[in-house]
Structure formats: structure tokens, C-alpha cells
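The values are calculated or read from the model by the stated rules, or taken from the named source; none is laboratory data. Small disclaimer: the values here were computed from a predicted structure and weren't measured. Glycine gets a Cβ as well: all are built from the backbone with ideal geometry, and neighbour counts include every protein chain shown.
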Amino acid sequence: MSQRDFHLAQINIARTRFDIDDPRFQTFIDLLAPVNAVAERMPGFVWRLTDETGDGAVGVPGFDDPRIIINMSVWTDEEALFAFAYKTAHTKVMSRRAEWFEPLARTHLALWWIPAGHIPDVAEGRARLERIDRDGPTPSAFGFADLHDPHGAPIGPGLPQAERV
């Protein structure tokens, strides 16, 4: 199977400083739709998890703590995901994350390869986060700093730091 037979899934989680309906969290909520629209227009975007509003996944349960929110998406490859994460309006919004989110004492991001056409669910993403917490990065769950190709071979420490905006 070639690399085109695989897509890159990602999950990232965050614990909000405030309840979702707290006015202090509204600025973040207001930024979701425009940032998600950017993602959906990006080359290499395949899918993203949404709640009933369609703007984000802040209402999707997956953890015992109701203030943990989930972001999941699927991309054709690591370059496409990296371009969205580090070269769009997403970067500016995430530079403000300390306003809305508390630091986590656990892994908050996991990447893994899936067969093209597969849509991961929250349980699958959560299992990948837990795998990194338990085993460290492996070919089945890793981060940008320890990328693997779809066949499990390490492909280096992620994209060059100079590429980050």
C-alpha cells in the first residue's frame, strides 16, 4: 500500500479555564467558526469532528471532566496538517490559548495514520492519547516531534522549526 492509501488523524484536547457557557470563554467560541472554515478550505483537509452546532466539537463528550474539549480531524498527510496548524489564522488564535485553557498534566496531542476513508471516533482518539501517556511516542501514536510514516518508519523530528510561523 502506498502513502496515498493512508490519511493522518489527529486529536488534541484542552481543559477550559471556564465553563463552556461562561462569558469569559465566548471569545474562543466566536473564533471557532472562522478557524474551522479555514481548515475546511485547506488543501489536504479530509474531515473534522463536530458537535450539533457544526462549528466545533466543544459539546462532544469523551472525558469524565466536562471542561475537557476535543478537536479531531483527518488530513491527507503531515504537511497539510502542519500548514493549517502553523501557517494560518489558527496560529494567531492558539497564541492566546493561555487565556482560555489550563495546562494539562497529560498528553494533549496524538497523531496516527488511518486507512483512507476511515473516520476515527472519540474513543479511538482517546486511546491514542492514552497510548502515548503509557508508552511514549510509537508508530501507532506520535506527535509532530516524532513523526512516523504510514508504515511505521520514523521520518524525523517533524517539520523544520524554520517552517513554523
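Out of curiosity, is Ala98 exposed (fewer than 13 other Cβ atoms within 10 Å of the Cβ), assigned to a helix (DSSP H, G or I), among the hydrophobic types (A, V, I, L, M, F, W, C) and modelled with pLDDT of 90 or more? Judged against the criteria, Ala98 is a match.
Taking region 33-53, which residues are surrounded by fewer than 14 Cβ atoms within 10 Å (Cβ to Cβ) and farther than 25 Å from Glu79 by Cα? Listed by number, the residues that qualify are Glu52, Thr53. The one condition from (1) modelled with pLDDT under 95; (2) of a type outside the set (Asp, Glu); (3) in contact with a Lys or Arg (Cβ under 8 Å, 6 or more places away or on another chain) that Thr53 does not meet is (3). State which residue is nearest to Trp47 (Cα to Cα) when the search covers only region 113-136 and only residues that are surrounded by fewer than 15 Cβ atoms within 10 Å (Cβ to Cβ) and acidic (Asp, Glu). Per the criteria, the residue is Asp121. For region 92-100, the criterion of being basic (Lys, Arg), under 19 Å from Val46 (Cβ atoms) and touching a residue at least 60 places away in the same chain (Cβ under 8 Å) is met by none of the residues.
Consider region 104-136 and keep the residues that are in a loop (DSSP other than H, G, I, E, B), modelled with pLDDT of 95 or more and more than 15 Å from the chain's Cα centre (by Cα). The one that is nearest to Arg17 (Cα to Cα) is Gly136. Total residues in region 30-58 satisfying the condition of being over 16 Å from Ile11 (Cβ atoms) and in contact with an Asp or Glu (Cβ under 8 Å, 6 or more places away or on another chain): the figure is 3. Taking the conditions exactly as written (in contact with a helix residue (DSSP H, G or I) (Cβ under 7 Å, 6 or more places away or on another chain), surrounded by fewer than 17 Cβ atoms within 10 Å (Cβ to Cβ) and closer than 22 Å to Asp51 by Cα), does Ala110 satisfy them or not? In short, no. With respect to the conditions (1) farther than 23 Å from Phe144 by Cα; (2) among the hydrophobic types (A, V, I, L, M, F, W, C); (3) in contact (Cβ under 8 Å) with a residue 60 or more places away in the chain; (4) surrounded by fewer than 18 Cβ atoms within 10 Å (Cβ to Cβ), Ile29 lacks only one, and its number is (3). Taken over region 55-81, the criterion of being part of a loop (DSSP other than H, G, I, E, B) and in contact with a helix residue (DSSP H, G or I) (Cβ under 6 Å, 6 or more places away or on another chain) is satisfied by Asp55, Gly56, Gly62.
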